[in-house]
Every structure is written in C-alpha cells, then in structure tokens.
Amino acid sequence: MIKEALRILYKQKREQLSAPIKQQLDDLLLIQFQQLAIDIPSNIMSYKIKNNSNEFDPQIVIDYCYFKNLGIKLSFPRMLPDFNSAAMVAEEQGSSTPFFINAFGILEPKGGSEISPERIDLVIVPLLCFDKSGNRVGYGKGYYDRFLKKCRKDCIKIGFSYFSPVASIDDTNEFDIPLDYGISPDAIHEFH
C-alpha cells in the first residue's frame with residue numbers, strides 16, 4: 001500500500017481503539033521497550049501527543065528512561081515558522097519550559113535551549129505504522145525525515161505502533177529515514 005492509503009487506514013484503526021484496550025496496548029509497548037537491549041542514553045528527543053488523536057503517548061517510556069538514567073536530557077521538536085520548509089529544531093526541556101499549541105495542533109516547547117541534532121542519542125519518532133523494513137508512515141509533512149538526516153548515524157530511531165508492521169510501504173523514497181527499532185505490543189522489530 002502507499003503512504004496516503006496507510007495513513008487513512010491506520011488513523012481509523014487507532015480511532016477505533018477503546019480506552020481500556022489502548023491502556024493494555026500502552027502497557028505491552030512499555031514492556032517491549034523494557035526488553036530492548038540498549039543502554040538508556042543521556043540525550044533523548046520525544047514528542048507530545050496531539051489531543052484526541054488516540055496515539056501512543058511516549059511519556060510512559062520517558063518515565064521509564066528517567067528511572068533507569070536520572071541524568072537524561074530531554075528535548076522536543078519545534079517547527080520553524082516557515083511551514084513550507086518543513087524544518088524543525090530540538091529544544092531541550094527545562095523544569096519550567098512552557099509548551100504551546102502550534103498551527104498543526106501539536107504541543108511544542110517555547111523558550112527552551114535549542115540543541116544540535118548531532119547531540120541527540122535516541123529519537124522517539126511519531127508514526128501511524130511501519131513496515132517490515134523499518135520504513136514508517138508519519139503524518140505526511142516530512143519534518144522528521146529532514147531532522148533525522150541531520151542526526152548522527154548511531155542515533156537510535158524508535159517508533160511505537162499499536163499494530164504489527166505492514167509487509168511494505170510501496171512509495172518510499174531516498175528522503176525517507178528508516179527506524180532502527182519498531183516496537184509493537186507483541187514484538188521488537190530490529191532494522192539495522
């Protein structure tokens with residue numbers, strides 16, 4: 001299937017998840033992450049969920065990471081004002097960093113310290129689904145692919161999905177940056 005068809009399908013599938021089922025799936029995703037054979041790094045980039053999107057909230061993973069490594073520095077994406085460029089930066093979250101809702105309805109940090117993509121060790125990448133090769137379907141703007149291209153080669157890219165991977169995404173291109181790990185409720189999928 002192509003990305004747009006998968007985007008529509010997986011938004012619908014996610015919307016159909018009841019709150020109790022979603023909670024069970026969240027717990028299973030966290031358990032899978034806890035079994036991942038990596039050391040919890042110091043610089044992690046995550047994201048805030050969109051209201052009413054029924055998407056996976058990575059905060060439970062971040063809480064676990066803090067438990068394993070109290071020295072974590074956490075950053076979040078902020079889209080640059082020129083939406084046509086589809087560029088974003090990472091801003092480190094401080095204890096009093098405020099967040100605001102951007103033009104896409106996404107919470108972003110405001111007034112945090114911008115950090116270089118090369119300093120980030122692990123990125124939790126938002127997605128709707130991923131395939132068996134580590135390609136993902138995001139929200140269609142290309143912000144993350146442009147950002148991930150600037151990260152170090154050894155930066156770990158992880159995506160979480162409530163669903164098993166699809167066989168393949170038929171319209172990937174040279175600008176798509178694949179995941180290193182895709183985590184579903186029943187498995188860890190390693191791609192590097």
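The values are calculated or read from the model by the stated rules, or taken from the named source; none is laboratory data. A quick note: this is a predicted structure, and the numbers were derived from the prediction, not measured. When we count neighbours, we look across all protein chains shown, and the Cβ atoms used for this are built from the backbone with ideal geometry, even at glycine.
Structure values in brief
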| item | result |
| --- | --- |
| Residue in the stretch 123-135 that is farther than 28 Å from Lys3 by Cβ and in contact (Cβ under 8 Å) with a residue 40 or more places away in the chain present | no |
| Strands (runs of 3 or more DSSP E) (entirely within the stretch 122-192) containing at least 3 residues that are hydrophobic (A, V, I, L, M, F, W, C) and closer than 18 Å to Ile62 by Cα | 122-125, 156-160 |
| Candidates Lys50, Lys68, filtered to the one that is in contact (Cβ under 8 Å) with a residue 40 or more places away in the chain and of a type in the set (Lys, Arg) | Lys50 |
| Verdict on Gln34 being at pLDDT 95 or above, surrounded by fewer than 18 Cβ atoms within 10 Å (Cβ to Cβ), farther than 24 Å from Ile106 by Cα and touching a helix residue (DSSP H, G or I) at 6+ places or on another chain (Cβ under 9 Å) | yes |
| Qualifying residue in the stretch 133-152 (condition: of a type in the set (Lys, Arg) and in contact with a Gly (Cβ under 6 Å, 6 or more places away or on another chain)) | yes |
| Among the residues listed as Asn54, Asn43, the single one being touching a Lys or Arg at 6+ places or on another chain (Cβ under 8 Å), within 20 Å of Val137 (Cβ to Cβ), modelled with pLDDT of 90 or more and of a type outside the set (Lys, Arg) | Asn54 |
| Count of the stretch 83-126 residues which are surrounded by fewer than 17 Cβ atoms within 10 Å (Cβ to Cβ) and under 15 Å from Phe147 (Cα atoms) | 10 |
| Enumeration of residues in the stretch 25-47 that are part of a helix (DSSP H, G or I) and in contact (Cβ under 8 Å) with a residue 60 or more places away in the chain | Leu25, Leu28, Leu29, Gln32, Phe33 |
| Which listed residue is of a type in the set (Lys, Arg), surrounded by 15 or more Cβ atoms within 10 Å (Cβ to Cβ) and part of a loop (DSSP other than H, G, I, E, B), from Lys22, Lys11, Lys50 | Lys50 |
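Quick grid of which residues meet (1) charged (D, E, K, R); (2) closer than 30 Å to Asp170 by Cβ; (3) outside any loop (DSSP other than H, G, I, E, B):
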position: Ile60; (1), (2), (3): no, no, yes
position: Tyr66; (1), (2), (3): no, no, yes
position: Gly71; (1), (2), (3): no, no, no
position: Phe76; (1), (2), (3): no, no, yes
position: Glu91; (1), (2), (3): yes, no, yes
position: Gly105; (1), (2), (3): no, yes, no
